[in-house]
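A.B. asks: First, the structure itself, so that you have it in front of you.
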Amino acid sequence: MIKFHKYPVHDRTAFEEHLAEALCYARDGEGRARVHFTLSPEHTDIVSGYIDGVRGIYEREGESLDVGYSVQKPSTDTIAVDMENRPFIGDDGKPVFRPAGHGALIENLNELGCDIVFIKNIDNVVPDRLKEETYLWKKALGGYLLRLEGLVSGALVKLEGGGGREVVSRELGELERMGLEIVLPGEAEKASRKKATAHLVSALRRPLRVCGVVRNEGEPGGGPFWVRGRDGRLTKQIVESAQVDMDAPGQKAVWGSSTHFNPVDIVCGLRDHRGIPYDLHGFIDRDAGFISVKSKDGRDLKALELPGLWNGAMAFWNTVFVEVPLMTFNPVKTVFDLLKPEHQPKP
């Protein structure tokens, strides 16, 4: 609840900056902007009470906010083990379970039941004087997603009407031009027309995301890469350094040559061409978890994290990367970041 930005009348928290943003680029036809925050259980009442008290500052005539909250489900917690891979027993004599990382939030996303969702981190906000650039690129990413969805929907309608790949060549060509390459498994080339069409439908009918990426200037975090899966297919993924074998010179060199960085600026399309929500559980790479070393009660332990939300949890989505200006990425990872010019009042 730290105040991020100073204004003449009312200084704002990061939560409030998100409310102000949403009302400017994410309103529906009735003037309503839906905002959803994922919180720790112990913070939910504090945050919701605060937002209830300030939301009226931002809701102008004909506009309203629909603010929702959820917590990471305890059912997604994973058991910790000691350095010998035995269940870690706490000082209270009970096995220790730990939150499984932000990948567990795929459950929350799946339950929203929304059509289009913009995802960004809570700390990546700027004061009003710099927001126009953010609005422009949010609208651009959203519009790009809608254009892609239209092409995918058109192709699926034709394929379900009995056509084969030849009847959707225009859509596939336009999708490829826009950065969405539809890669089929090797067996599709030798399959019957019916099976080949089924492979194509399967490749098209999946959640879609447009990921804004910025030029890599040394920020810690993941980046966009081509990844070859176990089936030999290349797919676009957001990869974290923890997923890369830095002891392998070739892999380390690939990581070091990355030109772009993931600022978590993602627009998601969560419904198919019939308007039916996807079950996001079906598009997770269950093998893409993380094991990290933590400590509790003065002892080291191994913690298992589920596949990251924009990493393995979205591994089998259709993905497009779009370069956005560095100006749209202004994270606050320490209090000292608030001293940067982007977070200060206009001189």
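A.B. asks: Please arrange 48, 75 by counting, for each residue, the other beta carbons lying within 10 Å of its beta carbon, fewest first. Display every interim value, and only then the final one.
C.D. replies: On the way: 48 16, 75 8.
Ordered from fewest to most neighbouring Cβ atoms within 10 Å, 48, 75 come out as 75, 48.
A.B. asks: Same structure again: At 7 Å along the Cα-to-beta-carbon direction for both residue 86 and residue 253, put a label point, then send me their distance in nm to one decimal.
C.D. replies: With each label point 7 Å from Cα toward Cβ, the separation is 4.4 nm.
A.B. asks: Can you give the calculated 222 nm mean residue ellipticity of the chain, where each DSSP H run of n ≥ 4 adds -39,500 (n - 2.57) and the sum is split over every residue, rounded to the nearest 500 deg cm²/dmol?
C.D. replies: -8000 deg cm²/dmol
A.B. asks: Enumerate the calculated ³J(HN,Hα) couplings along region 231-241 in order (Karplus 6.51 cos²θ - 1.76 cosθ + 1.60, θ = phi - 60°), each rounded to whole Hz, writing x wherever the residue is Gly or Pro.
C.D. replies: Here the 3J(HN,Hα) series is 8, x, 7, 8, 9, 8, 9, 8, 10, 9, 4 Hz.
A.B. asks: Just going by the charge dipole of the chain, with Lys and Arg at +1 and Asp and Glu at -1 on Cβ, which of 262, 47, 161 is farthest out on the positive end?
C.D. replies: 161
A.B. asks: If you don't mind, there's one more thing I want to ask. Between residue 297 and residue 114, what is the label-to-label distance in nm when each label sits 7 Å out along the Cα-to-Cβ direction?
C.D. replies: Those two pseudo-labels are separated by 4.0 nm.
A.B. asks: What ranking of 314, 178 emerges when the number of other C-beta atoms within 10 Å of each C-beta is taken as an exposure proxy, fewest first?
C.D. replies: Starting with the residue having the fewest Cβ neighbours, the order is 178, 314.
A.B. asks: Give the calculated FRET efficiency between residue 30 and residue 77 to the nearest 0.05, with a Förster radius of 30 Å applied to their Cβ-Cβ distance. Show your work: numbers first, answer last.
C.D. replies: Values: r = 39 Å, r/R0 = 1.29.
Computed FRET efficiency for residue 30 and residue 77 comes out at 0.20.
A.B. asks: Follow-up question, since we're still on this one. Quick one: length gained pulling residue 283 to residue 192 fully straight, 0.36 nm per residue minus the C-alpha distance?
C.D. replies: Numbers: separation 91, 0.36 × 91 = 32.76 nm, distance 2.55 nm.
Fully extending the segment from residue 283 to residue 192 adds 30.2 nm.
A.B. asks: Please get the size of the charge dipole for the chain, origin at its Cα centre, with Cβ charges of +1 on Lys and Arg and -1 on Asp and Glu, quoted in debye to the nearest 20.
C.D. replies: Numbers: 45 positive and 51 negative charges, 186 e Å.
Taking the Cα centre of the chain as origin, the dipole is about 900 debye.
A.B. asks: Taking the structure as given and computing Rg and Dmax of the Cα atoms in Å, which label from (1) 22.0, 68; (2) 21.1, 66; (3) 20.3, 72 fits?
C.D. replies: Answer by label: (1).
A.B. asks: Would you list 181, 111, 17 from fewest to most Cβ contacts within 10 Å?
C.D. replies: 111, 181, 17
A.B. asks: For region 224-333, which trypsin sites (Lys or Arg not before Pro) are in a loop by DSSP, counting at most 15 other Cβ atoms within 10 Å?
C.D. replies: 230, 233, 274, 286, 333
A.B. asks: Still on this structure, please answer the following. Could you size up the charge dipole of region 190-347 around its Cα centre, putting +1 on the beta carbon of Lys and Arg and -1 on that of Asp and Glu, and report it in debye to the nearest 20?
C.D. replies: With only Lys, Arg, Asp and Glu charged at Cβ, the dipole is about 900 debye.
Values quoted throughout were computed directly from the atomic coordinates according to the rules given, and no laboratory measurement underlies them. In this text, all values refer to a predicted model and were calculated from it rather than measured experimentally. Note: ideal-geometry Cβ built from the backbone for every residue, glycine included; neighbour counts use all protein chains shown.
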